[in-house]
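Engineer: Take a look at the following structure, please.
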Amino acid sequence: MKKILIPIVTIFILAIASLAIIPVFFKKEIDSKIKSTINISVNAHVNFQDFDLSLLSTFPNMGIIINDLIVFGTDSFAHDTLANVKVLQLNLDLLSVIKGEKYQINSIELDHPIIFAKVLKSGKANWDIMKPDTAMAAQGEPAAFKAALQHYAISNAYISYQDATS
């Protein structure tokens, strides 16, 4: 019985330790990867001060907290700030992230967001920042982002909307 129990307990302790250590050791790499991936995917400049990745306290989910998120416009909106969010908190199903097929987003929470939505006389909106998915466009199929959101919250928000077309 001891020969079976000791390896099982050891594996369990190593699994818990790795869940706690992975976010600490790979924080810089994850930070740069998040920023580069976002900035490649959008027609805007996105930056944030700090983020926290939690696997242990939110298990079996993955918790991501991004602090001081800022989204700046480009081209016609080069001098505009689209959003300034004090805290963005995401809670994702860890297995869906590992599989990479359909992300199961359990919750999105925005705390103290300042959002400036603006539409020019031409009808161009500053929030339309996603670049087209070139892989899907080459196949002639529409790009599809799959997510299953269960909960969202926005607290202490300031939203400004300017529409030059009306």
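The values are calculated or read from the model by the stated rules, or taken from the named source; none is laboratory data. Quantities reported herein were computed from a predicted structural model and do not represent experimental measurements. Glycine gets a Cβ as well: all are built from the backbone with ideal geometry, and neighbour counts include every protein chain shown. Only protein heavy atoms, including side chains, enter the accessible area calculation; ligands, DNA and RNA are left aside. Shrake-Rupley method; radii C 1.70, N 1.55, O 1.52, S 1.80 Å.
Engineer: Points 7 angstrom from Cα along the Cβ direction at Lys28 and Leu120: gap in nanometres?
Structural biologist: For Lys28 paired with Leu120, the spin-label model returns 4.0 nm.
Engineer: On the protein heavy atoms, probe 1.4 angstrom, tell me the percent of accessible surface of the chain carried by carbon and sulfur.
Structural biologist: Roughly 63 percent, rounded to a whole number.
Engineer: Just want the answer: with Cβ charges of +1 for Lys and Arg and -1 for Asp and Glu, which residue in Ser57, Leu88, Ser122 is farthest toward the dipole's positive end in the chain?
Structural biologist: Towards the positive end, the residue furthest out is Ser57.
Engineer: Still on this model: Under unit Cβ charges (Lys, Arg +1; Asp, Glu -1), what dipole magnitude, rounded to 20 debye, does the chain have relative to its Cα centre?
Structural biologist: Rounded to the nearest 20 debye, it is 480 debye.
Engineer: Using a simple spin-label model with points 7 Å from Cα along the Cα→Cβ vector, what separation in nm is obtained for Thr58 and Asn39?
Structural biologist: 2.4 nm
Engineer: Still on this model: With respect to the cross-link table entries Lys3/Lys27; Lys35/Lys124; Lys28/Lys118; Lys102/Lys131; Lys27/Lys86; Lys33/Lys99, which display a Cα-Cα separation exceeding 28 Å?
Structural biologist: Result: Lys3/Lys27; Lys28/Lys118 exceed 28 Å.
Engineer: Scan (i) 16.9; (ii) 20.1; (iii) 18.6 for the value of Kirkwood radius over Cα pairs in Å calculated from this model and give just the label.
Structural biologist: (iii)
Engineer: Kindly work out what percent of the DSSP beta bridges joining two residues of the chain are antiparallel, to the nearest 5.
Structural biologist: Expressed as a percentage, antiparallel bridges in the chain total about 70.
Engineer: So, one more: Sum -39500 (n - 2.57) across every DSSP H segment of at least 4 residues in the chain, then divide by the residue count to get the 222 nm mean residue ellipticity, nearest 500.
Structural biologist: -9500 deg cm²/dmol
Engineer: For segment 52-100, I need the span (max minus min coordinate) of the C-alpha atoms along each principal axis, in Å, sorted largest to smallest.
Structural biologist: Rounded to whole Å, the extents work out to 42, 23, 10 Å.
Engineer: Starting from the coordinates of the alpha-carbon atoms of segment 1-62, obtain the Kirkwood hydrodynamic radius over all distinct pairs and give the value in Å to one decimal.
Structural biologist: In segment 1-62 this quantity evaluates to 14.2 Å.
Engineer: Compute the helix-to-body angle for 27-41: its Cα long axis versus the longest principal axis of the chain, expressed 0 to 90° and rounded to tens.
Structural biologist: With both axes taken from Cα atoms, the answer is about 30 degrees.
Engineer: Also: Which value, in Å², gives the accessible area per residue of segment 1-42 when a 1.4 Å probe is used on the protein heavy atoms?
Structural biologist: Roughly 84 Å² per residue, with all protein chains present.
Engineer: Taking Cα pairs under 8 Å and at least six residues apart, what relative contact order does the chain come out at, in percent?
Structural biologist: In percent, rounded to a whole number, it is 17.
Engineer: Any idea what the relative contact order of segment 1-88 is, in percent, if you count C-alpha pairs under 8 Å spaced at least 6 apart?
Structural biologist: 21 percent
Engineer: Can I ask one more? If you put +1 on each Lys and Arg Cβ and -1 on each Asp and Glu Cβ, how big is the dipole of segment 1-69 around its Cα centre, in Debye rounded to 20?
Structural biologist: About 420 debye.
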